[in-house]
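Heads up: the structure comes next, in structure tokens.
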């Protein structure tokens, strides 16, 4: 019987990990380091969502421009358009959500026992925030496009030829929020994939 | 030993399901009827996504209106606005996706063995289509809101006071696409929840 006991090396007396040949009888427990790795990616993506949302809001809020043409100075500000107000509110919510879930995801790395519950809740909320950010990006993008190109049929004039700096801010803010949307899609994919990995084959 | 064999009824000779008392030793296999029930909900939701997207596209495409004011008749059509063209394309894609995945989900009810793989793929694609539909709803909504309220600061006049029928079509189409977005969120939730249910506790 002693020859089959492979948990101790007879030469050094130290314990060695069980060899791969013993895998046939009982399945090995799911490796916890891999789960932590995925949560490290999760934390990184969530922090990027926070950073992208914050950047997007800051660039949008600082997009004021005043142009002097004719007797009255022309002003452009994000809160002149309800679409851009909605954009700022939505991205602020996404930023807050990003930093809160970064902390939540870090807590899972410390206590991996709740990882399954957290994955489910993350996936649920990520989808909602994705809907919010995607619709806000669309709303602001639609309005910004009219500002850039105008619409002849409806006689809405382009305004980006006058407010060049303002429109550059808008474009930067929109690009960042599109990036945040992509990150949120990746986060839902990661949560779903992690849940899928936990299902025994 | 014969008294412990509970798989056959000694009176009728027919097989009976194992009683609940035998659950203690070996965990029972996951009940397939429940999985099929969830897929029935899945099929229903997917068909609703198809129906909502198709309705939304049809209402938008039939939103033509010609108004006779002054010498030249004024026309309003959805393809006068790039935002609404994007909306029609996105909702068409969602409708096609809806009907294709309805069939795929039906196939899982017939052959439940692939249910886990399908759940994962459904969740992956549903998230993408949700992003598409949410952004399209936002884009069209942002433009429609300017048409309804106008924007003084940018001197974009409201057009819904002239094109009343056209704007009613837009509103109906937007409400339906918002409904489709909600359905897609529910679908991702359902897939994630079903995957979560398959993880042994």
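No value in this document is a laboratory result; all are computed from the given coordinates. This is a predicted model, so every value here is computed, not measured. Please note: Cβ atoms are built from the backbone with ideal geometry, for glycine as well, and neighbour counts cover all protein chains shown.
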For the stretch A:29-197, radius of gyration divided by Kirkwood radius, i.e. Rg to Rh on alpha-carbons: 1.13
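Given a Förster radius of 30 Å and the C-beta distance between residue A:66 and residue B:80 as r, what FRET efficiency does 1/(1 + (r/R0)^6) yield to the nearest 0.05?
The calculated FRET efficiency here is 0.40.
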For residue A:72, label point 7 Å along C-beta direction: distances to other copies, nm: 2.6
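Give me the inter-chain shielding for B:112-120: mean count of other chain Cβ atoms within 10 Å, whole number please.
2
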Peptide B:144-151 - average C-beta neighbours from other chains (10 Å radius): 4
Cβ neighbours within 10 Å from other chains - mean over B:121-134: 5
Gap separating the Cα centres of the stretch A:85-99 and the stretch A:124-146, nearest whole Å: 10
Calculated label separations, residue A:200, copies of the chain, 7 Å along the beta-carbon direction, nm: 0.1
q = 0.24 Å⁻¹, the stretch B:97-193: log10 I(q)/I(0) [Debye, one scatterer per Cα]: -1.17
Simple spin-label estimate for residue B:121 and residue A:109 in nanometres, 7 Å along Cα-Cβ: 3.4
Over the stretch B:41-95, relative contact order from alpha-carbon pairs under 8 Å, at least 6 apart, %: 42
Length-normalised contact order of the stretch B:31-197 in % [C-alpha pairs under 8 Å, at least 6 apart]: 35
Copy-to-copy label separations for residue B:99, where each label sits 7 Å from Cα toward Cβ, in nm and ascending: 4.8
